[in-house]
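The block underneath contains the structure these notes are about, expressed in structure tokens.
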């Protein structure tokens, strides 16, 4: 069992570093999304512990109810198990759920790319051309 406490390994602390209070996405949704992505990517596995509600709330400087809601949503969707007095633990997540989460994340990344490109005056065709060029460069290297 790996502990994902914020004071632990460096990459564990970084799990929640990109939570943005200015984002239009609610904080609880950002927190749960980070955990979902980490599970889908295999960065968090069955039995890994999440920071306590109080510890994570203090780290993110948010209301503990925000973290509690994120953990409640994750539990309802089968990503975590909350054990009273013991903590919140990652559960075994079926591969189809991990695949769905990866696909949803990829779709969101593309949407964000298209929106950012549009703001900068870069159309989808140009983005696609650059994307394929970059992917091809990685394959060749």
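The values are calculated or read from the model by the stated rules, or taken from the named source; none is laboratory data. What you are looking at is a predicted structure, and each value in this text was computed from that prediction instead of being measured. When we count neighbours, we look across all protein chains shown, and the Cβ atoms used for this are built from the backbone with ideal geometry, even at glycine.
Quick look at the numbers
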read-out	value
Only one of 20, 99 that is outside any helix (DSSP H, G or I), modelled with pLDDT under 95 and under 20 Å from residue 109 (Cβ atoms)	20
Filter pass, residue 58 being closer than 17 Å to residue 17 by Cα and either surrounded by 12 or more Cβ atoms within 10 Å (Cβ to Cβ) or in contact with a strand residue (DSSP E or B) (Cβ under 6 Å, 6 or more places away or on another chain) (or both)	yes
Checking residue 81 against (1) more than 25 Å from residue 20 (Cβ to Cβ); (2) part of a loop (DSSP other than H, G, I, E, B), the condition it does not meet	(2)
Residue within the stretch 104-117 that is assigned to a loop (DSSP other than H, G, I, E, B) and either in contact with a helix residue (DSSP H, G or I) (Cβ under 7 Å, 6 or more places away or on another chain) or in the same structural domain as residue 47 (by TED's automatic domain parsing) (or both) present	no
